[in-house]
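Have a look at the structure below, then the notes.
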Amino acid sequence: MPIDVATLTAASGTELAEIFARLHAAGPIHQARYHDVDMWLVTGHDEARKLLTDARRFANRESYANPAARASPMLVHQDVAGLPPMLPFLDPPDHTRLRRLINKVFTPARVERLRPSVQQIADELLDAMARRDECDLVRDFAFPLPVSVIMRLVGVPPERGADFHRWAGLFATGDPDKMPLVPAAMAEMLSFAGSLVQKRRAQPEDDLLSAMVTVSEGGATMTPAEAAAMVFALVAAGHETTLNLIGNGMLTLLDNPAMLAELQSDLSRVDGAVEELLRVDAPAKMTAFRYVVEDVELAGTRMRAGDVVAVLLAAANQDPRRFSGGACPHLAPETGNPHLAFGAGVHFCVGAPLARLEAQIAFRGLLERFTDFELTVPRDELRWKASLFVRGPLSLPMRYRRL
């Protein structure tokens, strides 16, 4: 019987782990159904990597035309007039051109230059937490950290900070009651981004946006509309990864007190722990829908041209054939920890270095300044984002003790 993909939307971590275990026992590829659309769901790690690195046979081509994609809330941005498809939804050659341009400006060196700013923002948020012994870790730390970093990255004026936080909050919402507000926020954000792009084209500054609107590669450039869409993508998706990584990661540590204690006794292991937290409870649960371009066989499964397929990243990261720990985290690193939390291939997450930097600073700060973390609500009362594609708690009320 096909898997009802929609049931994955609001499943708890325990429920997901049980579902993934059953899927892994049954095989790496499964027949599935999303609304009225038949599709394939890839859960095996090796099979997922093969699919993600084969952009020729598994493409985004026609993704906006196929019913599964149109049923997806992930593509609601297509209803906003003037917003071109974002980088994750493009195929070569358009994807290749834009990816080369963004890679030229969003470099590891530029990310590393952000370290003092990220540390300053994190310290200010941690200072506020230290003035009390309870907080909502999502509202008070995990959300404002990446949003504030992105504001500095693209040069958002301080007077627009409140609007920027409001838009980002709506894009990150998994609350069905707030979803009707999202399209209007997207339109506002796009209009603001467009005006910011025009200002940077006229008078460049020392920020990522100025670099994007002036960069060229072999004569290719980024159009104003594409630069505005890139700003939108940074806000809509760029902060979401770090937000969910901090929320999911803290819950994983609370569920594994021995790992938490080991980390607090040796903060030098935080960077490796972040990779394991990414693997065990990835902030991105599933990829965008892909389109099978030509008949292909993957792990003995015959897929036909025109079929819809998606990778369940969260399941692939717990594949026991690749990771001995499965859903259980541990600090002993496996070789390279080849998780797929950031995807693979041409659509590997552009913002992965920034998300890693933010998470490393965040967890190191939390663990060196506080201890005795505990939830102030029962674990089963936590609410999760109602999303098929991303995973994270809507709030994380907790108490702690200052060190």
Q. V154 versus (1) β-branched (V, I, T); (2) at pLDDT below 85; (3) crowded, with 21+ Cβ neighbours inside 10 Å; (4) farther than 26 Å from F363 by Cβ: which is the lone unmet condition?
A. (4)
Q: Test L234 against the stated conditions and say whether it is among the aliphatic types (A, V, I, L, M) and touching a residue at least 40 places away in the same chain (Cβ under 8 Å).
A: yes
Q. Which one of the conditions (1) part of a loop (DSSP other than H, G, I, E, B); (2) open to solvent by 40 Å² or more (accessible area, probe 1.4 Å) does E374 fail to meet, given that it meets all the rest?
A. (1)
Q. Here are some residues: V274, V296, V346. Which one is closer than 26 Å to L8 by Cβ and in contact with a strand residue (DSSP E or B) (Cβ under 7 Å, 6 or more places away or on another chain)?
A. V296
Q: Determine the pairs where a residue that is farther than 15 Å from G219 by Cβ, located within region 92-114, has a partner that is not aliphatic (A, V, I, L, M) with Cβ atoms under 7 Å apart, the partner being 6 or more residues away or on another chain.
A: P108/P353; V111/P353
Q | Criterion: open to solvent by 10 Å² or more (accessible area, probe 1.4 Å) and under 25 Å from A284 (Cβ atoms) - qualifying residue of G219, G238, G194 | A | G238
Q. Is it the case that some residue within region 72-82 is of a type in the set (A, V, I, L, M, F, W, C), farther than 30 Å from D38 by Cβ, surrounded by fewer than 17 Cβ atoms within 10 Å (Cβ to Cβ) and modelled with pLDDT of 80 or more?
A. no
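The values are calculated or read from the model by the stated rules, or taken from the named source; none is laboratory data. Quantities reported herein were computed from a predicted structural model and do not represent experimental measurements. Every residue, glycine among them, receives a Cβ derived from its backbone with ideal geometry; neighbour counts consider all protein chains shown. Quick note on the areas: whole protein, heavy atoms, side chains included, nothing else; ligands and nucleic acids left out. Shrake-Rupley method; radii C 1.70, N 1.55, O 1.52, S 1.80 Å.
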